1. Once amide H atoms are placed 1.01 Å from N in the peptide plane, what residues at a sequence separation of 5 or more from residue 91, or on another chain, have their amide H within under 5 Å of its amide H?
2. Rounded to two decimals, what ratio of Rg to Rh does segment 121-166 give with C-alpha atoms and a Kirkwood Rh?
3. What distance in nm separates the two pseudo spin-label positions at residue 164 and residue 45, each 7 Å out from Cα along the beta-carbon direction?
4. Check residue 56: other-chain or 5+ apart residues with amide H under 5 Å from its amide H, H built from backbone geometry?
5. Using a Förster distance of 22 Å, how high is the FRET efficiency between residue 72 and residue 192, based on the Cβ-Cβ distance and rounded to 0.05?
6. Tell me, what ³J(HN,Hα) does each residue in segment 167-173 have, in order and in whole Hz, if you take phi through Karplus 6.51 cos²θ - 1.76 cosθ + 1.60 with θ = phi - 60° and put x for Gly and Pro?
7. Rounded if a/c is under 1.5, else prolate if a/b is larger than b/c, else oblate: which is segment 79-196, with a ≥ b ≥ c the root eigenvalues of its Cα gyration tensor?
8. Give the distance, in whole Å, between the Cα centre of segment 14-59 and the Cα centre of segment 143-166.
Amino acid sequence: MSLERRLLRQISRLNRRFTLIEPGDKIMVAISGGKDSWAMLHLLRAYARMLPFDYELVAVNLDQGHPGFPVEVLREHLDTHGFAHHLVARDTATVVKANTKPGKAYCSLCSRLRRGILYDVAASLGATKIALGHHRDDVIETLLLNMFYAGQLKAMPAKLRSDDGRNVIIRPLASCAEAEIAAYAQEQAFPIVPCDLCGSQAQLKRQEVKRLLATLERDNPLLRKNLLAAVGNVKPSHLWDPALDRAEGEDEPNKELEPAGAELVSLRIE
């Protein structure tokens, strides 16, 4: 089985489980220029050919003001492959650097600002869903980061609704292994654009968790599969949160807080 077909099967299973994509959806695909978002965009187009209904894709890139960000590389690829797209420019990099204490990671504030902007753009485009390129390793690393450093059992849901109800977020690659996505990106020769803001910081906690997983995986090859399975196999009676006793049996939508701080910067859309 080809690598693309294997990834499409994983997307299909996740879609059947969580109904990520529905007839007539207009999906705003958030692309950074990294391997994950390029893979997601191309795989979602290929997946559309497997379904008995139509949906629309529109790629959106947010230029966050990183010096030398090669927006033309993205534009050329999108044009060459015929993807509908919008390029958004907003200087969040300056805001993040100015409001992050020395030695602290940029990622939290950066992602909040980015998400808030993308939520607004999705609403302006009439998108019914926002697709983010988080993969299996992102999900389990986030689970461990929240456990180790925030005292929470929380990961990344495959589908959620923002707190204000405007946006539905989907993660079509949430069950796909990062290594396979990287291999697919290399196979397809996507023009990879690294994140200079995050990449400029050493010793990030997420990198520490990656190293821990790699070490543990030497003795347990099923480690990552088991951790992902645990995200969807919760035993409320064996946890300590009193709210679980009240909520058990109820079917409430998973919600995410609306990111704050987007008013700090200005917007330009092409």
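FYI, it's all coordinate maths here, none of it is from the lab. All figures in this text were calculated on a predicted structure; none of them were measured in a lab. For neighbour counting, all protein chains shown are included, and Cβ atoms are generated from backbone atoms with ideal geometry for every residue, glycine included.
1. Close amide H contacts, sequence-distant or interchain: 266.
2. The Rg/Rh ratio comes out at 1.09.
3. Label at residue 164, label at residue 45, 3.2 nm between them.
4. 25, 26, 27
5. Using R0 = 22 Å, I get an efficiency of 0.90.
6. Per-residue couplings from phi come out as 10, 10, 9, 10, 10, x, 9 Hz.
7. Since a/c stays below 1.5, the shape of segment 79-196 is classed as rounded.
8. 22 Å
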